[in-house]
Amino acid sequence: MTFKNIEEKVINSVRITDDEALFLFEHPDLLEIGELAAFVNEKKNGRRVFFNVNRHLNHTNICVNRCQFCAFSKNGDEAGAYTYDLAEIRRRAEDALAQGATEIHIVGGLHPDLPFEFYLGMLRTVKDVSPTLHLKAFTVVEIDYLAGLAGLSIAETLHELKGAGLGSLPGGGAEILTKEVRDKLCPEKISGERWLEIMEKVHGAGLRSNATMLYGHVESYAHRVDHMRRLRELQDRTGGFQVFIPLAFQSENNPLGHLKNKLSGGVDDLKTLAIARIYLDNFANIKAYWVMVGEKIAQVSLAFGVNDLDGTVVEEKIGHDAGAASPQALSRDGIIDLIRKGGKIPVERDTLYNEIRTY
Ligand code: V47
Ligand code: SF4
């Protein structure tokens with residue numbers, strides 16, 4: 001196997017194999033990989049780069065799970081544990097609307113006591129503030145938990161949540177789908193198979209979703225390829241994923257911190273984004289989440305196959321509790337500037353990737 005063989009396949013729109021993706025991860029020439037990823041992206045998206053104006057809302061950090069990489073979750077009686085009531089949710093949604101947000105991104109811990117009604121009430125509250133706010137809410141890990149709370153099937157749970165205003169799902173909870181990594185990272189969390197099974201039902205219910213991959217901890221390159229293979233296979237069946245988002249592990253305030261993967265760093269961030277663009281040929285969008293990789297790597301990644309920079313975010317807890325050095329928020333003008341200075345054309349999108357405005 002040589003880089004040239006892989007390049008030839010990619011240029012001719014032939015799907016690359018798992019072994020070839022692994023070869024790329026081990027290939028020392030970052031710029032060659034980046035150039036190939038940029039070629040694929042240019043063919044799909046030209047010079048246009050998406051962003052959106054959104055606000056994150058983490059309704060509670062109290063969680064019955066103890067994922068080893070998570071610095072956000074707390075026990076109910078621990079200092080810093082919190083749960084917002086519906087008045088607080090309303091206030092934050094009103095604030096987001098006033099800032100021009102088109103999306104509220106809601107995820108939180110698996111709270112031991114909140115009833116299913118609370119979650120329906122939370123969605124209805126945001127929709128009551130404005131029916132135009134798109135609700136991208138709950139990882140499939142939360143969907144599984146809510147179904148248990150409500151005593152409903154996954155399909156029934158999704159139906160209830162949709163009725164209350166759910167518009168799509170974020171891509172969290174995927175971590176690395178491979179069992180041997182998951183056993184080390186998050187043994188209490190649903191399995192990789194269950195994550196995929198629920199995601200398939202989400203897509204079957206007519207909801208679009210995103211897909212993430214948490215990297216840079218205890219996994220190997222082969223685990224990353226295995227993770228992406230499972231996503232590519234599901235995408236072949238459903239077409240329901242909108243975007244792939246690699247999440248760079250932040251190592252502070254969590255039990256896995258001392259194991260910070262020797263592979264991770266700026267080069268690895270760019271390589272991972274570029275290989276995702278090349279390998280995930282059935283994903284339209286590859287997102288650099290500036291919160292985790294920082295604004296500078298996010299900007300440079302636009303030359304490595306990336307066409308989406310997420311959004312304004314406003315109040316980010318999950319990465320910052322774990323030591324992320326990025327700011328809490330970017331303004332709309334700040335993202336536009338980042339994209340323009342990266343030599344690309346900024347396009348504001350809504351959550352479902354409809355264009356709102358080209359700048
Ligand atoms: O599933 C938790 C990750 C995820 C850490 O869909 C960590 O548009 C790094 O999924 N270091 C939740 N990552 C966030 C998420 C997300 C973020 C932005 C956009 C979208 C989208 C989804 O955060 C969790 C986990 O993989 N995470 N702890 C950490 N220490
Ligand atoms: Fe809970 Fe999610 Fe943190 Fe795991 S990652 S401990 S499920 S909040």
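Placing R0 at 30 angstrom, the Cβ-Cβ distance between ASN282 and LYS4 gives a FRET efficiency of 0.80 after rounding to 0.05. Using only alpha carbons, region 45-87 has a radius of gyration to Kirkwood radius ratio (Rg to Rh) of 1.23. Scoring 273-286, 224-237, 47-60 by mean Cβ neighbours within 10 Å over their residues and listing the highest first yields 273-286, 47-60, 224-237. From the P(r) of region 17-346, could you give the percentage of C-alpha pairs in the tail past 35 Å? Percent of Cα pairs beyond 35 Å in region 17-346: 15. Extending 7 Å from the Cα toward the beta-carbon at both ALA79 and ARG357 defines two label points whose distance is 4.5 nm.
What's the extension gain from LYS43 to GLU252 if we count 0.36 nm per residue and subtract their Cα-Cα distance? List each step's numbers first, then the result.
On the way: separation 209, 0.36 × 209 = 75.24 nm, distance 3.88 nm.
My answer for the length gained is 71.4 nm.
Which GluC sites (Glu not before Pro) in region 27-63 sit in a loop by DSSP (not H, G, I, E or B) and have at most 11 other Cβ atoms within 10 Å of their own Cβ? Loop-located and lightly packed - none at all.
In region 17-346, a dipole from Cβ-located charges (positive for Lys and Arg, negative for Asp and Glu) runs towards its positive end, and of GLY165, ILE154, CYS67 it is GLY165 whose Cα lies farthest in that direction.
Expressed as a rounded percentage, what relative contact order does region 17-346 have, with Cα pairs under 8 Å and six or more residues apart? Before the final figure, lay out the partial values.
Values: 619 pairs, mean separation 77.8, N = 330.
Once divided by the residue count of region 17-346, the mean separation gives 24 percent.
Given a Förster distance of 41 Å, report the FRET efficiency between ASP113 and ILE11 from their Cβ-Cβ distance, rounded to the nearest 0.05. Please list the in-between numbers first.
Details: r = 56 Å, r/R0 = 1.36.
Computed FRET efficiency for ASP113 and ILE11 comes out at 0.15.
Projecting the Cα atoms of ASN12, GLN99, LEU22 onto the dipole axis of the chain, where Lys and Arg carry +1 and Asp and Glu carry -1 at the beta carbon, places ASN12 farthest toward the positive end. Past 31 Å, Cα to Cα: identify those pairs from LYS127/LYS201; LYS189/LYS287; LYS162/LYS184; LYS317/LYS344, in the order given. Cα-Cα > 31 Å for LYS162/LYS184; rest within.
Please name which of VAL40, ALA322, VAL291 has its Cα lying farthest along the dipole of region 17-346 towards the positive end, using unit charges on Cβ (Lys, Arg +1; Asp, Glu -1) and the Cα centre as origin. The Cα lying farthest towards the positive end belongs to VAL40. For region 186-230, the residues whose amide N sits under 13 Å from a probe point set 7 Å from the Cα of ALA155 along the beta carbon direction are 201-206. The magnitude of the dipole of region 1-95, with charges of +1 and -1 set on the Cβ of Lys/Arg and Asp/Glu and taken from the Cα centre, is near 500 debye.
Give me the percent of DSSP beta bridges within region 17-346 that run antiparallel, rounded to the nearest 5.
Values: 1 of 26 bridges.
Percentage antiparallel, nearest 5: 5.
Bear in mind these aren't lab numbers, they're just calculated from the coordinates by the rules spelled out. Small disclaimer: the values here were computed from a predicted structure and weren't measured. FYI the Cβ positions are ideal-geometry reconstructions off the backbone, even for glycines, and counts take in every protein chain you see.
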